[in-house]
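**Student:** The structure's right below; bear with me while I get my questions together.
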Amino acid sequence: MQFRNNKFLLGLCLSFAVIMTAGAQQFSKPEDAIKYRKSALFIMNAQFSQIGSMVQGKVPYDAKVAADSAAVVEVMSKLPWTAFGEGTDKGETKARAEIWTDAAKFKDAQDKLITESAKLAAASKTGKLEDLKLAFGATAGACKNCHENFRAK
């Protein structure tokens, strides 16, 4: 999936981030928090997959599209974590109990993803596919680590 107007999407994500960060802890019910985090992760995945298609040679490399997508990934990587609060371990979620029983490890995984996403955004701005490939691999590793340890299959 390729978003044609990535500037609009980035602006929307940034607005969403500002609004939700201001009150991110204030979900009226656990289902709202679950929906919020799933939405943030969905958008991040869609943009990350677009970059993945380029680094894997499935679609032609477009430095601008890669940079726009990486910017969205960087913003979205910061959003879902406040929505893993009390009561959000039940319901329509793939979140494993280890999120709450090993909170320090989960926090480390979050921090790693945020750090690698920032590196991905920086690498995308060089316009060099090789830089993007390296940063993509590291970011994908951070995603994989979190999925293996904290997401039910």
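**Student:** I need the GluC sites (Glu not before Pro) found in the range 57-153, filtered to DSSP loop residues with at most 14 other beta carbons within 10 Å of theirs.
**Tutor:** Listed in order of number, the matching sites are 86, 92.
**Student:** Moving on. Using the Karplus equation 6.51 cos²θ - 1.76 cosθ + 1.60 (θ = phi - 60°), what ³J(HN,Hα) coupling, rounded to whole Hz, does each residue of the range 59-70 give in order, writing x for Gly and Pro?
**Tutor:** Values per residue, Gly and Pro as x: 9, x, 5, 10, 4, 5, 4, 4, 5, 5, 5, 5 Hz.
**Student:** Which of 35/94; 58/153; 38/144 have a Cα-Cα distance over 20 Å?
**Tutor:** In this structure, 58/153 lie more than 20 Å apart at Cα.
**Student:** Next up: In terms of Cα to Cα distance under 17 Å, which lysines are near enough to residue 64, apart from those fewer than 8 places away along the same chain?
**Tutor:** Those lysines meeting the cut-off are 7, 119, 125, 128, 133.
**Student:** Another question, then. Averaging sequence separations of C-alpha pairs under 8 Å and six or more residues apart, then dividing by the length of the range 6-150, give the relative contact order as a whole percent.
**Tutor:** Relative contact order for the range 6-150 comes out at 29 percent.
Throughout, read-outs are computed from the coordinates displayed, never taken from laboratory work. Here the structure is a predicted model, which means the values were calculated and not measured. Ideal geometry is used to build each Cβ from the backbone, glycine not excepted, and the neighbour counts take in all protein chains shown.
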